[in-house]
Amino acid sequence: MSWYPGRTSGKIEGNNGLYMDYPDKGIAMTQGGTPRFKVPTLRNIMLTAPYMHDGSLATIDDVLDHYSNDIKNAVGLDDLLKVNNQAVKMNFTDSQRIALKAFLSTMTDEKVVADIKFSDPFIR
């Protein structure tokens, strides 16, 4: 991979290059900047399809395809997704995709998902 796996930002918002021109500017719409969107938690990520701020990616494989070879070099693209000011193509191998999906699956909390007290916020 040509990107830097050790880089982290601690950010809670960013632009992941989903589109070159975003119809919805997200958080930036209220702050007058470039499009940025909330970065979701990884907890139960395998259960929360569809993905992205607009639900445009139906499966986790679609998400991996995006990060593997479809990141757009959009204005405001997060620095973590650029090298030399260009969008990175992560080019995941089949084994990396399998490993990523296995890792993301470890974030699933079956106990919380099955617990009735978390099933409906209107039940007392």
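The values are calculated or read from the model by the stated rules, or taken from the named source; none is laboratory data. Keep in mind that this is a model prediction, so the values were computed, not measured. Every residue, glycine among them, receives a Cβ derived from its backbone with ideal geometry; neighbour counts consider all protein chains shown.
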Residue list for segment 88-124, restricted to those being without any contact (Cβ under 8 Å) to a residue 60 or more places away in the chain and aliphatic (A, V, I, L, M): Ile98, Ala99, Leu100, Ala102, Ala114, Ile116, Ile123
Every residue from segment 51-78 that is out of contact with any strand residue (DSSP E or B) (no Cβ under 9 Å at 6 or more places or on another chain), assigned to a helix (DSSP H, G or I) and surrounded by fewer than 15 Cβ atoms within 10 Å (Cβ to Cβ): Asp61, Asn69
Selection from segment 58-87 of residues that are free of Cβ contacts under 8 Å to residues at least 24 places away in the same chain and aliphatic (A, V, I, L, M): Ala58, Val63
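Condition check ((1) closer than 18 Å to Leu42 by Cα; (2) within 18 Å of the chain's Cα centre (by Cα)) across all residues:
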position: Asp62; (1), (2): yes, yes
position: Asp65; (1), (2): yes, yes
position: Leu77; (1), (2): no, yes
position: Gln86; (1), (2): no, no
position: Thr93; (1), (2): no, no
position: Thr108; (1), (2): yes, yes
Among the residues listed as Tyr22, Tyr4, Tyr67, Tyr51, the single one being at pLDDT below 95 and in contact with a Leu (Cβ under 6 Å, 6 or more places away or on another chain): Tyr51
Any hit, segment 98-120, residues being modelled with pLDDT under 95, touching a strand residue (DSSP E or B) at 6+ places or on another chain (Cβ under 8 Å) and assigned to a loop (DSSP other than H, G, I, E, B): no
